[in-house]
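Below is one structure, written out as structure tokens; comments come after it.
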Amino acid sequence: MNFDFSEEQVLLRKTVRQFVDHEIIPHMAKWELDGAFDPAIWKRLADLGLMGVCIPEKYGGSGMDYNSLAIVCEELERGDTAFRTAVSVHTGLNSMTLMQWATEEQKVKYLLPQAIGEKIGAFGLTEPGAGSDVASMSTVAVLDGDDYILNGQKTWISLCDVADHFIVFAYTDKSKKHHGISAFIVERTLDGFSSKAIKGKYGIKSGNTGELFFDNMRVPKENLLGKEGEGFKIAMSALDNGRFTVAAGAVGLSIACLEASVKYSKERQTFGKEIGRHQLVQQMIAKMEAGLQMSRLLVYRVGELKNKGVRNTRETSLAKWQACDFANKAADDAVQIHGAYGYSDEYPVARYLRNSKAPVIYEGTREIHTIMQAEYVLGYREDKTLSNMLPKWPFDE
Ligand SMILES: Cc1cc2nc3c(=O)[nH]c(=O)nc-3n(C[C@H](O)[C@H](O)[C@H](O)COP(=O)(O)OP(=O)(O)OC[C@H]3O[C@@H](n4cnc5c(N)ncnc54)[C@H](O)[C@@H]3O)c2cc1C
């Protein structure tokens, strides 16, 4: 395995870091209070080619490899989790799923405008009564002439009020359980579609999250993604990609925690010395560093597997679980190191702690990943190919 970054990747990291330092971090306090970031950021992300990282150039993407996407996610989340979540949803859960499952016509119509940043994509799987237990969803789709009629509701959907296109899951045949779920490309402009933001979130306050409602919404038959009944497989393949971006972002959050903690440890003095000289503070710093480096190894290994076109559900789950847990612990310790000042908005660490919680819940909770890992090791879960794989990198144009 080669751990060297290419010149292109080094430049990409530098570019995204500068963008985050100059155009995101200085505005975070305001955007947190506003409950939304400036929508002009979408255009800037598109200008920098960050809306289509690892999407082939022929579909409007920048054609970079999967670890380049990890670098982008890492650097964005060093700024704030809302931006990495946006890329996770737009690229990881939506565009990469279209890349795997869409017909050529669907790719031209939906993937291409998303990859160039003209349109924003999102992903609607979770329902009020169906989170970890996907198959308990209630949304249904009934074929009627040339359309499917969708009725139901989704909740906790990132970019619910912002996205133009959604990949939405619904039962076309409930008697078949998992095998009766289908996936649809849904445009916001369809009659019967509405959305509503959830107010009072604990973290990711500048990000948009909420509900989708489908009231006799007619979706053209040609917007079925994959075949009828393939929805569960499509959802799981999407999560293989989304979880990779979440894991990479968690590395960025750990970096942010470490940077803030190192700075404060050298500024703050107690008992006649910098707090960084106290061994118990050093222990927290050392654990942050260890968590960060271990997470990085897990994430870049998954990127390499994706580059080779190798199945990676097991490795992605491990990376997502561990990187998010490490980041959550790093954020908790970062607040601890800042003492009472950490418990305010004077420093960014309270925001890091709030933000670090959602990634431990979404795209498979900590408990779901724990179960997955145990089942793989015990041989109760087969590491078989559930889905068609992402294209190998470099992409065959
Ligand atoms: C900020 C944010 C953004 C989100 N964005 C999206 C999005 O864009 N699209 C989308 O579709 N969803 C999104 N989600 C939803 C997210 O994926 C779900 O919240 C997640 O899958 C968990 O589902 P749940 O909240 O219903 O919890 P539940 O599934 O009800 O779980 C509740 C608790 O029970 C535990 N539990 C459940 N089953 C088991 C089990 N078998 N064994 C042990 N413990 C178990 C869980 O680990 C958890 O601790 C988002 C959530 C958040 C917070």
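The values are calculated or read from the model by the stated rules, or taken from the named source; none is laboratory data. Nothing here was measured: the structure is a model prediction, and the numbers come from that model. Here the Cβ is made from the backbone with ideal geometry for all residues, glycine too, and neighbour counts use every protein chain on show. SASA here: full protein model, heavy atoms, side chains in, ligands and nucleic acids out. Shrake-Rupley method; radii C 1.70, N 1.55, O 1.52, S 1.80 Å.
Key figures
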| quantity | calculated |
| --- | --- |
| Rounded to whole Hz, the Karplus (6.51, -1.76, 1.60) HN-Hα couplings of the range 284-295, x for glycine and proline | 5, 5, 5, 5, 4, 4, 5, x, 4, 5, 5, 4 |
| Given 15 as the ceiling on other Cβ atoms within 10 Å, longest exposed-site-free region of the chain for chymotrypsin sites (Phe, Trp or Tyr not before Pro) in DSSP loops | 6-201 |
| Share of alpha-carbon pairs per 5 Å distance bin for the range 235-378, given as whole % | 2, 11, 19, 19, 16, 11, 9, 6, 4, 2, 0, 0 |
| Gap separating the Cα centres of the range 207-260 and the range 76-144, nearest whole Å | 5 |
| Per residue accessible area of the range 235-378, 1.4 Å probe, in Å² | 43 |
| Kirkwood Rh (inverse of mean 1/r, distinct Cα pairs), the range 221-304, angstrom | 15.9 |
| Between 0 and 90°, nearest 10: helix 349-361 axis offset from the chain longest Cα axis | 40 |
| The range 122-231: Cα Rg divided by the 2.2 N^0.38 Å rule of thumb | 1.03 |
| Stokes-Einstein D for the chain, Kirkwood Rh over Cα pairs, 4 °C, 1.567 mPa s (µm²/s) | 61 |
| Cα-based convex hull, the range 186-260, per residue volume (Å³, whole number) | 135 |
| Where Rh is the Kirkwood radius over Cα pairs, Rg/Rh for the range 7-120 | 0.98 |
| Per-selection metrics, the range 1-72 (Cα): Rg and Dmax in Å | 14.1, 45 |
| Å² per residue, accessible surface of the range 122-231 at 1.4 Å | 44 |
| Choice from 318, 305, 50 showing the highest fluctuation, given a GNM over the chain with Cα pairs closer than 10 Å | 305 |
| With Cα atoms, 0 to 90° folded angle of helix 366-378 axis to the chain main axis | 80 |
| With DNA, RNA and ligands ignored, accessible area of residue 381 (1.4 Å probe; Å², nearest 10) | 90 |
| Share of carbon and sulfur in the accessible heavy-atom surface of the chain [1.4 Å probe, %] | 54 |
| Crossing angle, helix 7-19 versus the chain [Cα axis fit, 0-90 degrees, rounded to tens] | 80 |
